[in-house]
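Visitor: What follows is a single structure, and I will ask about it in a moment.
The values are calculated or read from the model by the stated rules, or taken from the named source; none is laboratory data. Everything numeric in this text was worked out from a predicted model, so none of it was measured. Neighbour counts are summed over all protein chains in view; Cβ atoms, including those assigned to glycine, are modelled from backbone coordinates with ideal geometry.
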């Protein structure tokens, strides 16, 4: 992960027949909170894919647009669109300067994308990015094993737990589910 990504927590939980992507709302710069209710999670490709970002907002929005275009080009095939975006992101002179991480999920898969050309599908139907990602991921792993909560509830609780630990994460939570 690029060293400059110090804000945000995004968690993806695939549990039961539900996929949930949750993100906090904090936008910070160094030690200042610039915004507390940002939406870093959005639906793509006819509401069949949910994506979230960590990193520079303008960069992430540009990447959302590029991912949406790739999804259109490849008829909603998330895997193919993600690989093609990662290739462009790594090799394009403009795109490779973008500092963000993306997660994208549909009913079949969860993918983490980076500017290094990474397209990673996690082993355990959970993925998290951002400064609070490790905390949220640990919470989600425990909640999926030891509770009967839904994917949406697990994602929400995981962000709340991360917000209680990570100074760059808050408890204004956006959750989208499939």
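Visitor: Being at pLDDT below 95, more than 19 Å from residue 177 (Cβ to Cβ) and surrounded by 15 or more Cβ atoms within 10 Å (Cβ to Cβ) is the requirement here; does residue 92 meet it?
Guide: no
Visitor: Name the residues in region 147-160 that are over 12 Å from residue 23 (Cα atoms) and surrounded by fewer than 22 Cβ atoms within 10 Å (Cβ to Cβ), would you?
Guide: Within region 147-160, 147, 148, 149, 150, 153 qualify.
Visitor: Let me ask you something else. In a loop (DSSP other than H, G, I, E, B), buried (at least 17 other Cβ atoms within 10 Å of the Cβ) and either in contact with a strand residue (DSSP E or B) (Cβ under 7 Å, 6 or more places away or on another chain) or free of Cβ contacts under 8 Å to residues at least 12 places away in the same chain (or both), is that true of residue 38?
Guide: Taking the combined requirement at face value, the residue satisfies it.
Visitor: Which one is surrounded by the most Cβ atoms within 10 Å (Cβ to Cβ) among residues in region 23-35 that are assigned to a strand (DSSP E or B) and touching a strand residue (DSSP E or B) at 6+ places or on another chain (Cβ under 7 Å)?
Guide: Only one residue tops the list, namely 23.
Visitor: Which of the residues that make up region 147-162 are modelled with pLDDT of 95 or more and either under 22 Å from residue 100 (Cα atoms) or out of contact with any helix residue (DSSP H, G or I) (no Cβ under 7 Å at 6 or more places or on another chain) (or both)?
Guide: Scanning region 147-162 gives 150, 151, 152, 153, 155, 156, 158, 159, 160, 162.
Visitor: From the set of residues in region 58-84 that are in contact with a strand residue (DSSP E or B) (Cβ under 8 Å, 6 or more places away or on another chain) and more than 23 Å from residue 177 (Cβ to Cβ), which is modelled with the lowest pLDDT?
Guide: That would be 59.
Visitor: Let me ask something additional. Scan region 164-174 residue by residue and report those that are at pLDDT 95 or above, outside any strand (DSSP E or B) and touching a strand residue (DSSP E or B) at 6+ places or on another chain (Cβ under 8 Å).
Guide: 173 - this is the single residue of region 164-174 that is at pLDDT 95 or above, outside any strand (DSSP E or B) and touching a strand residue (DSSP E or B) at 6+ places or on another chain (Cβ under 8 Å).
Visitor: Something else about it: If you check 20, 54, which single one turns out to be outside any loop (DSSP other than H, G, I, E, B), surrounded by 13 or more Cβ atoms within 10 Å (Cβ to Cβ) and modelled with pLDDT of 95 or more?
Guide: 20
Visitor: Tally up the residues in region 113-146 that are within 15 Å of the chain's Cα centre (by Cα) and either over 16 Å from residue 18 (Cβ atoms) or modelled with pLDDT under 95 (or both), please.
Guide: Of the residues in that region, 18 qualify.
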